[in-house]
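Taking it in order: structure first as structure tokens, then the write-up.
The values are calculated or read from the model by the stated rules, or taken from the named source; none is laboratory data. What you see is a predicted model, and the numbers here were worked out from it, not measured in a lab. Cβ sites come from the backbone with ideal geometry, for glycine too, and all protein chains shown count toward neighbours.
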Amino acid sequence: MSSEVDPRKAQRAQAYFETGMDAANRRNFDYALQMIGDACKIIPTHLAYRKGLRATHRMKYDNDPSKVGMMARARAQTIRAQIKLAKSTGAWQRVLDTCEDAFLLNPWDVGTAMDAAEASLELNAPELAEWNLASVSEGAEENADYLWLRIRVFEALAKWDSAIRCAEQIREISPSDQEIIRKLNDLSAKLMMSRSGLAGTVKSTSAGEHTAPAAPGSEVRAESIGENRDPQPGPTSTVHKTREEQLLEHLEKSPEDIQSALELAEIFKADDRWKEADRTLRSVLNHWPKDDMLRQIYANTHLERMSRMLAKWDKHLVKNPDDAEARTKRAELIRKLDDFEITEFERRVTSNPADAESQFRLGSALARAERWEQAIAAFQKARNDAAWKVRALMAAGECFEKDGSHRLAERSYSDALKSVTAEDVAMSNELHYRLGTLAERMGKLQEAEEHYNEVAANDFGYKDVARRLRDIQTRI
């Protein structure tokens, strides 16, 4: 679709995008979203532009889904109704645009990502659909509707192996579902045909409501999808390789090729194969150990992989709380994650001491390792950046508190409270609560009561603040 755009408009879109990403890096999020959004309006299915827009949405929440408030989720329901209406009329471009309004409120919403993916498919942008679904995969592993949609996307891209993996996940969820058994057989046949050179003769068959009928002209559009689709072999050709296979073969001959390694890693990530993405990037990094940007991409991938592994252990332990071996493995993974983060973010702050985000993440890793003094030093450097000031002061206060320096903890929490905006009620509640518990331990019951009253005025059900107020009133 981007190839049909007037070159001057495409140039303007790229300028908007670059300006927006620069603003995002400077944490000027409103301007960044405006600029990147304008780029998306010019080229609606441009994958990089949509990725940049979503990344900026998430940066507004510090890449922390827990910071999406209940009010935001409630407001998103109104927008979701608008999306449903647009879908019912086949207005797929409006669906895609309205999804961005919903992502502004909750950039991790699985339902919105599914709507965006469906719209992308209808707009002949299966790569965009694939990324939309991959971006929320962590919260949708057992969602059968999500997995069915992934199958549709992988079919559009002729990624039969990936489609089969999704189908097998659905079968684990619903072992007696005859529809998924038929779909598995269908996908397996298509995979075998593609490998034997018969893919060009395979026609998509419907297996119920989850498989969309082919649209008029889809045969032509399918061929324009790009290199991710298996080429259709002629009668005398050999079996064609997928893009993944081409890259693997190329990297065997030229393992130092950064661009090919990055492309292959992105394919693996989109398919939730983080171990392979990690290994691919680590391999090329061995050839370019002084390339800071490559190292940062590898480190971010490695951290994401470990975080996903940790989330799986957490999920397992919720279902199996008595699994001692799992707890041991989880603890070992946390230790490795902390060690890697400390090493990586020490490297980044050495290179750029003004990098407040890296200072904060270094402090967080050091705090988890109970290296309080070093963690405090990192948080104190992070607080010099206004965007990180409140969180850094609160984190430093927690370290002071755990290290037994109650007065310094009190000062740090108080300084953080002075910088909290009136709109950030959640942060205000947490700081008042911490100051209250600290005052209690220091025997300052009246001061503690004042802090708890501030919390109760906003949210009487916050943690155990109601009980603490009752206890204090019996002791004063």
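Quick notes on this structure:
- Of the residues contained in the stretch 145-164, one or more are found to be within 21 Å of GLU266 (Cβ to Cβ), of a type in the set (S, T, N, Q), part of a helix (DSSP H, G or I) and over 17 Å from the mean Cα position of the chain (by Cα).
- Of all the numbered requirements in (1) within 28 Å of ALA331 (Cα to Cα); (2) surrounded by 17 or more Cβ atoms within 10 Å (Cβ to Cβ); (3) more than 32 Å from the chain's Cα centre (by Cα), GLY404 misses one, and that requirement is (2).
- From the options ALA32, ALA48, residue that is part of a helix (DSSP H, G or I), out of contact with any Cys (no Cβ under 9 Å at 6 or more places or on another chain) and over 23 Å from GLU130 (Cβ atoms): ALA32
- If the condition is being surrounded by fewer than 21 Cβ atoms within 10 Å (Cβ to Cβ), of a type in the set (Gly, Ala, Ser) and modelled with pLDDT of 95 or more, then the stretch 371-392 contributes only ALA377.
- Contacts under 7 angstrom Cβ, first residue in the stretch 41-52 being farther than 14 Å from GLU127 by Cβ, partner hydrophobic (A, V, I, L, M, F, W, C), 6 or more apart: ILE42/VAL5; ILE42/ALA13; GLY52/PHE17; GLY52/MET21; GLY52/ILE36
- In the stretch 353-367, residue farthest from LEU408 (Cα to Cα) [restricted to those that are of a type in the set (Gly, Ala, Ser) and part of a helix (DSSP H, G or I)]: SER358
- Only one entry of ARG295, ARG305 meets the criterion of being of a type outside the set (Phe, Trp, Tyr), farther than 23 Å from ALA134 by Cβ and either modelled with pLDDT of 95 or more or surrounded by 15 or more Cβ atoms within 10 Å (Cβ to Cβ) (or both), and that entry is ARG295.
- Residue match in the stretch 428-438 (condition: crowded, with 19+ Cβ neighbours inside 10 Å and polar (S, T, N, Q)): yes
- The stretch 287-335 - residue that is among the acidic types (Asp, Glu) and in contact (Cβ under 8 Å) with a residue 12 or more places away in the chain and, of those, farthest from SER364 (Cα to Cα): ASP291
- Note on the stretch 368-409: residues that are part of a helix (DSSP H, G or I) and either touching a His at 6+ places or on another chain (Cβ under 8 Å) or at positive phi (or both) amount to 1.
- Answer residue from the stretch 245-264, given it is closer than 19 Å to LYS159 by Cα and at pLDDT 90 or above and is surrounded by the fewest Cβ atoms within 10 Å (Cβ to Cβ) among those: GLU249
- All positions within the stretch 439-463 that are surrounded by fewer than 16 Cβ atoms within 10 Å (Cβ to Cβ), part of a loop (DSSP other than H, G, I, E, B) and touching a helix residue (DSSP H, G or I) at 6+ places or on another chain (Cβ under 9 Å): MET442, ASP459, PHE460, LYS463
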